[in-house]
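Quick note: the coordinates plus some simple rules give every number you see, no bench work behind them. Computed from a predicted structure; not experimentally measured. Here Cβ is always computed from backbone atoms with ideal geometry, including for glycine, and neighbour counts include all displayed protein chains.
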Amino acid sequence: MVRLFIFLAAVQLVLFVLALISVLSAERVRNAPRAVWALLILLIPLLGPISYFVWGRPVPAPREGTPIRRTKARPSSPDDDADFLRSMNTEQSRRDREMLAQWEKEFNNNNHEDD
C-alpha cells in the first residue's frame, strides 16, 4: 500500500511540475487568464493540473504536412464566395470601370484623329 501512495505522489508531482511549466511558458492559455490557471495548479493538488491539461492548455498548431481542420466550410473558388462577389460590386470598382471606359474612349478618339 505504501508503494501505491509513493507512486501516486510521484504522478501528482510530475503533473504539478509539467502543468506549472506549461502554463508559465505558454504564449496563450484557454478559458481563463494565466494567473488563474497558475493559482489553480498551485492550490488544488491533483485536479488543478488535470483541469489545466483538459481545459486550459492551448491547442497546438497543426504540423507541417497534416491537413488543417476548419470549423466552417470555405468556398472552393472566389465565384462561389458570396462575400467576395459582393466586394466586387463596390463603389470604387464602379468608378474604376467608368474611368477605364473613359480612357478607352479617349484612346479611340485619338487614334481616329491620327488617321
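Compared with the direct C-alpha span, the chain from LEU8 to LYS105 gains 26.4 nm at full extension, assuming 0.36 nm per residue.
Is the shape of region 1-59 best called rounded, prolate or oblate, per the rule: a/c under 1.5 gives rounded, else a/b larger than b/c gives prolate, else oblate, with a ≥ b ≥ c the square roots of the Cα gyration tensor eigenvalues? Prolate is the answer for region 1-59, as a/c is 1.5 or above and a/b outweighs b/c.
Given a Förster distance of 41 angstrom, what is the FRET efficiency for SER25 paired with PHE84, based on the Cβ-Cβ distance and rounded to 0.05? The formula returns an efficiency of 0.55 here.
Show me the ranking of peptides 28-40, 93-105 by mean Cβ neighbours inside 10 Å, starting with the highest.
Details: 28-40: 14.5, 93-105: 10.2.
Ranked from most to least packed, the peptides come out as 28-40, 93-105.
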